[in-house]
1. Which residues, counting only those in the stretch 1-39, are touching a helix residue (DSSP H, G or I) at 6+ places or on another chain (Cβ under 9 Å) and not in a helix (DSSP H, G or I)?
2. What are the residues in the stretch 83-105 that are modelled with pLDDT of 90 or more and more than 16 Å from the chain's Cα centre (by Cα), if any?
3. Look through the stretch 97-108, keep the residues that are of a type outside the set (Asp, Glu) and under 14 Å from ILE46 (Cα atoms), and return whichever of them is surrounded by the most Cβ atoms within 10 Å (Cβ to Cβ).
4. Just one of LYS61, LYS32 is loosely packed, with under 11 Cβ neighbours inside 10 Å, over 15 Å from THR103 (Cα atoms) and of a type in the set (Lys, Arg); which is it?
5. Failed condition for GLN53, given (1) modelled with pLDDT under 90; (2) farther than 23 Å from SER82 by Cβ, with all others met?
6. Which residue is surrounded by the most Cβ atoms within 10 Å (Cβ to Cβ), if the candidates are limited to the stretch 69-89 and must be in contact (Cβ under 8 Å) with a residue 12 or more places away in the chain, part of a helix (DSSP H, G or I) and of a type in the set (A, V, I, L, M, F, W, C)?
7. Could you tell me whether ASP21 is modelled with pLDDT of 90 or more, more than 16 Å from the chain's Cα centre (by Cα) and not aliphatic (A, V, I, L, M)?
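The values are calculated or read from the model by the stated rules, or taken from the named source; none is laboratory data. The structure displayed is predicted, hence computed values, not measured ones. Note: ideal-geometry Cβ built from the backbone for every residue, glycine included; neighbour counts use all protein chains shown.
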Amino acid sequence: MNQQQLEVVETLKEYIPNLMDGILEVINSITKNKFKDTTAMMSDIIEGIQWVQEALILTSKGLYSEVSGVNLNELLSDILKSYEDEDIILAKDLLKYELLPLTDKFLEIVEKM
């Protein structure tokens, strides 16, 4: 791995836990019936997940294939649709039971690098 890739990996190690905290914050806000307050945060989370995915593909030397069975673009699309439809229960479930565990898997991959 070259120096630039090592720097990306170190950034991922710091960024992913913060991203997970943001996801948990959105989940907690939804639980407290503050769904509308989470829209801007969700936009940041979506962008962050996309960046993590791209960074992992470029730096993980095949480790990213461990989660390749998950169609991340479809999951993110489903989350965005649930927001557009104001389907609070679906949004929360997708975040809590699909996106958060996937993000945890991303962290495991980064820690192996």
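1. Passing the criteria: MET1, ASN33, LYS34.
2. Result: ASP85, ASP87, ILE89, LEU90.
3. Taking the stretch 97-108 and keeping what is of a type outside the set (Asp, Glu), we get 97, 99-103, 105-107.
Now drop any that are not under 14 Å from ILE46 (Cα atoms), which leaves 99-100, 102-103.
Values: LEU99: 25, LEU100: 17, LEU102: 17, THR103: 21.
Only one residue fits best here, namely LEU99.
4. Numbers: LYS61 fails: loosely packed, with under 11 Cβ neighbours inside 10 Å.
When all the criteria are applied, what remains is LYS32.
5. For GLN53, the exception is condition (2).
6. So, considering only residues that are in contact (Cβ under 8 Å) with a residue 12 or more places away in the chain, part of a helix (DSSP H, G or I) and of a type in the set (A, V, I, L, M, F, W, C), the one surrounded by the most Cβ atoms within 10 Å (Cβ to Cβ) is ILE79.
7. Values: modelled with pLDDT of 90 or more: yes; more than 16 Å from the chain's Cα centre (by Cα): no; not aliphatic (A, V, I, L, M): yes.
Criteria not met by ASP21.
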